[in-house]
Structure formats: C-alpha cells, structure tokens
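Trainee: The structure follows.
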Amino acid sequence: MITEAIIRPEPICGMETWFPIPAEILETRKENMNTYTYKIRLVDATLRKQYRWAPGQFNMLYVPGIGEAAISISSDSEDPEILEHTIRIVGSVTRAIENMGPGSIIGLRGPFGRGWPLDKIEGRDVVLVAGGIGLAPLRPMVYWLLKHRERYGRVILLFGCRSPDDQLFIDELEQWTQERKIDCLVTVDNATPGWVGPVGVVTDLLQRIRLNADNSTIMVCGPRMLNRAAAWSFLKLHIPEEQVYVSLERNMNCGFGRCGHCQYGSQFVCKDGPVFCFNEIADIFGKEEI
Ligand SMILES: Cc1cc2nc3c(=O)[nH]c(=O)nc-3n(C[C@H](O)[C@H](O)[C@H](O)COP(=O)(O)OP(=O)(O)OC[C@H]3O[C@@H](n4cnc5c(N)ncnc54)[C@H](O)[C@@H]3O)c2cc1C
Ligand code: FES
C-alpha cells in the first residue's frame, strides 16, 4: 500500500530545519552543454540510513559563502542512500556547484514538498510530459513506474528539448525506448544533421499518441509556458482537471512554508507543491504574475 510516509517523507533533522547537513559529491556526469548530474551521499551514516524521499520532492543545496538553490532529486527513490541531482548552470549557486568535483562537500536540507501523486495512479495510464530540465523531477517517476510496472496501465513519456544536444539522460532515453516497457517520444525545437525524430514543441507529440481520457493521469514539468500549454492541451482532450498534475517553480528560501518567497496565490510552492493538481491552481494558472 502507498502510505503517506512513502508519498511525503519528512525532512532530515525535523520539519523546520534551517541547518544544512553535509553531503559528499561522489561523481559528476555531464548531461549536455550546461547541465550536470551530481551523485551525492550524506556524510553522516545514521542520517543517510534515515533519509527517505519521494519522486517530485526537492532538496535545498547549499554552497558555503554563496547560497542555496532548490534542486529536485532525480534518482531512484527506492535507493535513498545515493542521491542524484541534475543541475542546469544558470546563476551563482549552480555555477559554484559546477566548480565542485568528487570529494567536495555541499550542504543539503530536505527533502521538501509534495511530490507526484503515487497514491492516485494505480491501475491508470500515466503520461509524463517534460520540457528541458523538467525531465529531472520526472526521472524518479519513470524509475518508480518501471519498477512497479504491473500496477499501471500504459506509460508514455513525452520529452521536448531545444536541440538533440540538449537532451538529458540520453543513454536511458535510448534504453527506455528500446525496452518498450514505456512509450518514449522525444522531440526537438531545432533538428541538427542526423536527427531522425520529431521536430516541434512537446505538445505536438499529442498527435502521435492515443489517450484513454477516462483512465489517464498526466504529470507535467517544464518551463512555465510549457506547463500551461501542456495542461490546457490535455484538458481540451477531455482529461479531467483532477487528473492533470503540474510541478511549479518559484523562488525558494526556507523550503518549509515560513518565509513566503514561493507564495502562489494562497499556496506555498515549497510546502503545498511543487506538484499541484490542476484543480488546486486553476484560478491563477493563467496569471503567472500572482
Ligand atoms: C521545486 C524546485 C525544483 C527545482 N529543481 C531544479 C532541478 O532539478 N535542476 C535545476 O537545474 N534547477 C532546478 N530548479 C531551479 C533552481 O532552483 C534555480 O535555477 C535556481 O535559481 C538556481 O540558483 P542560482 O543561484 O544558480 O541562480 P540564480 O542566481 O537564482 O539565478 C541567476 C539568473 O538565472 C536566472 N534563472 C534562475 N533560474 C532560472 C531558470 N530555471 N531558467 C532560466 N533562468 C533562470 C535568474 O532569473 C537570474 O537572472 C528548481 C526550482 C524549484 C523551485
Ligand atoms: S520557500 Fe519559504 S515559504 Fe516557500
């Protein structure tokens, strides 16, 4: 049975923790020109054994003297002692992490937030829609669905990125496609020589799949524009609002609903999300300035 403890594990060191725990970088892997996956492990063996997380949750990663950034956990939630974070280098914290290698120590707080609705998808078809770095928070969902394949109907992954060189987890995408346990479709905005797959935005891929509107749950993670376009596209295909889930991104500070930095209408993205059911945010989803 999928219990609350599986869906929403508590942060290490209590709910309201401002104190980062040391974690060691074990390995780094370049995914594309500006994105790396970092394999890390909590230094304290006892905390490492206690630490649990669920697909869709995130950690606050801390670089001393620089600051913190919210980063989703991108590895297998059923192997919680080794954590992967897939990071696109955009600013001060991520640039500082880019300069760290195996043996470096970073700070970690978490896991925070509410992840994907593992408790509501048994027996259903599941469609995962990712844009760019949005594949990182959905990768643990792919692992979960593959490990418990018999519990679910059809599983479809739709992934869009700017160009073939911007893909993430390229070996796994190929493996998932070849194994055929899930249907995996990748599209690029701009093709380069040698690309034989679809060209266009990720929502164009909807023309290539057949959906059972009565029995499908949708999980979307990408840039704001994609989140909105994808969610509305599925609603137009008669998927009920309560079966469409979107992971939102806001500026984070505390991570546990105290500072207000991540407020989205009446909700806190860090605590009530980052994964929201469409019907929880429908009233403001079209007004991103709120
Ligand atoms: C719940 C959650 C999960 C996240 N998961 C991940 C993840 O798995 N991997 C990951 O790489 N990022 C993820 N992010 C985004 C990450 O937290 C931000 O990119 C963060 O601001 C990076 O910190 P920084 O100090 O390096 O950049 P900042 O100093 O905060 O930003 C520097 C500049 O980059 C711009 N910028 C910041 N973020 C973005 C962005 N996402 N896209 C384009 N421009 C941007 C800012 O506007 C600013 O101009 C997540 C965010 C949230 C809220
Ligand atoms: S980050 Fe502080 S309330 Fe969400």
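The values are calculated or read from the model by the stated rules, or taken from the named source; none is laboratory data. Keep in mind it's a predicted model, so treat the numbers as computed, not measured. No Cβ is skipped: glycine too gets one built from the backbone with ideal geometry, and neighbour counts run over all protein chains shown.
Trainee: Just for strands (runs of 3 or more DSSP E) wholly inside segment 58-111: which have at least 3 residues that are within 7 Å of ligand 1 (Cβ to nearest atom)?
Mentor: Numbers: elements: 58-63, 67-72, 83-88.
Strands (runs of 3 or more DSSP E) meeting the threshold: 67-72, 83-88.
Trainee: May I ask you to list the residues in segment 249-270 that are touching a Phe, Trp or Tyr at 6+ places or on another chain (Cβ under 7 Å), within 16 Å of Glu280 (Cβ to Cβ) and buried (at least 20 other Cβ atoms within 10 Å of the Cβ)?
Mentor: Once the filter is applied, which keeps residues that are touching a Phe, Trp or Tyr at 6+ places or on another chain (Cβ under 7 Å), within 16 Å of Glu280 (Cβ to Cβ) and buried (at least 20 other Cβ atoms within 10 Å of the Cβ), segment 249-270 yields Cys262, Cys270.
Trainee: Same structure again: Kindly provide the set of residues from segment 4-28 that are in contact with a helix residue (DSSP H, G or I) (Cβ under 7 Å, 6 or more places away or on another chain) and in a strand (DSSP E or B), ordered by number.
Mentor: Passing the criteria: only Ile21.
Trainee: Do you know which of the residues in segment 141-185 that are within 17 Å of the chain's Cα centre (by Cα) and of a type in the set (Val, Ile, Thr) is surrounded by the fewest Cβ atoms within 10 Å (Cβ to Cβ)?
Mentor: Ile170
Trainee: Something else about it: When segment 125-166 is examined, which residues are found to be within 19 Å of Val275 (Cβ to Cβ), touching a helix residue (DSSP H, G or I) at 6+ places or on another chain (Cβ under 8 Å), in a strand (DSSP E or B) and not hydrophobic (A, V, I, L, M, F, W, C)?
Mentor: Residue satisfying the conditions is Gly131 alone.
Trainee: Does at least one position in segment 48-65 carry a residue that is touching a residue at least 12 places away in the same chain (Cβ under 8 Å), of a type in the set (Lys, Arg), farther than 30 Å from Pro164 by Cβ and touching a helix residue (DSSP H, G or I) at 6+ places or on another chain (Cβ under 7 Å)? First the steps, then the outcome.
Mentor: Start the filter on segment 48-65 by keeping residues that are touching a residue at least 12 places away in the same chain (Cβ under 8 Å), which leaves 48-64.
Next cut, of a type in the set (Lys, Arg) only: 48-49, 52.
Filter again for farther than 30 Å from Pro164 by Cβ, leaving 48-49, 52.
If we keep only those that are touching a helix residue (DSSP H, G or I) at 6+ places or on another chain (Cβ under 7 Å) too, we end up with none.
No; the residues of segment 48-65 include none that is touching a residue at least 12 places away in the same chain (Cβ under 8 Å), of a type in the set (Lys, Arg), farther than 30 Å from Pro164 by Cβ and touching a helix residue (DSSP H, G or I) at 6+ places or on another chain (Cβ under 7 Å).
Trainee: If you don't mind, there's one more thing I want to ask. From the list Val244, Val202, Val275, pick out the single residue that is within 16 Å of ligand 1 (Cβ to nearest atom) and crowded, with 16+ Cβ neighbours inside 10 Å. Steps first, please.
Mentor: Working: Val244 fails: within 16 Å of ligand 1 (Cβ to nearest atom); Val202 fails: within 16 Å of ligand 1 (Cβ to nearest atom).
Checking each option against the conditions leaves just Val275.
Trainee: Quick check: is even one residue across segment 242-253 in contact with a Lys or Arg (Cβ under 9 Å, 6 or more places away or on another chain), polar (S, T, N, Q) and in the same structural domain as Asp125 (by TED's automatic domain parsing)?
Mentor: There is at least one residue in segment 242-253 that is in contact with a Lys or Arg (Cβ under 9 Å, 6 or more places away or on another chain), polar (S, T, N, Q) and in the same structural domain as Asp125 (by TED's automatic domain parsing).
Trainee: With (1) touching a residue at least 60 places away in the same chain (Cβ under 8 Å); (2) over 18 Å from Pro137 (Cβ atoms); (3) assigned to a strand (DSSP E or B) as the list, and Glu31 as the residue in question, which single condition is left unmet?
Mentor: Of (1) touching a residue at least 60 places away in the same chain (Cβ under 8 Å); (2) over 18 Å from Pro137 (Cβ atoms); (3) assigned to a strand (DSSP E or B), only one is false for Glu31: (2).
Trainee: Restricting attention to segment 41-73, and to residues there that are more than 20 Å from Gly115 (Cβ to Cβ) and of a type in the set (A, V, I, L, M, F, W, C), which single residue is surrounded by the most Cβ atoms within 10 Å (Cβ to Cβ)?
Mentor: Val63
Trainee: For segment 240-280, which residues satisfy the criterion of being free of Cβ contacts under 8 Å to residues at least 12 places away in the same chain, over 17 Å from Ala69 (Cβ atoms) and near ligand 2 (Cβ under 6 Å from one of its atoms)?
Mentor: Gly260, Phe268
Trainee: Among the residues of segment 57-83, which ones are small (Gly, Ala, Ser) and more than 16 Å from ligand 2 (Cβ to nearest atom)?
Mentor: Listed by number, the residues that qualify are Gly65, Ser74, Ser75, Ser77.
Trainee: Inspect all residues belonging to segment 148-163 and state whether any of them is in contact (Cβ under 8 Å) with a residue 60 or more places away in the chain, within 28 Å of Arg52 (Cβ to Cβ), in the same structural domain as Met219 (by TED's automatic domain parsing) and not polar (S, T, N, Q).
Mentor: yes
Trainee: Moving on to the next point. With (1) over 21 Å from Cys254 (Cα atoms); (2) touching a strand residue (DSSP E or B) at 6+ places or on another chain (Cβ under 9 Å) as the list, and Asp119 as the residue in question, which single condition is left unmet?
Mentor: Failed condition: (2).
Trainee: Answer yes or no as to whether Val129 is buried (at least 20 other Cβ atoms within 10 Å of the Cβ), in contact with a Cys (Cβ under 8 Å, 6 or more places away or on another chain) and over 22 Å from Pro9 (Cα atoms).
Mentor: yes
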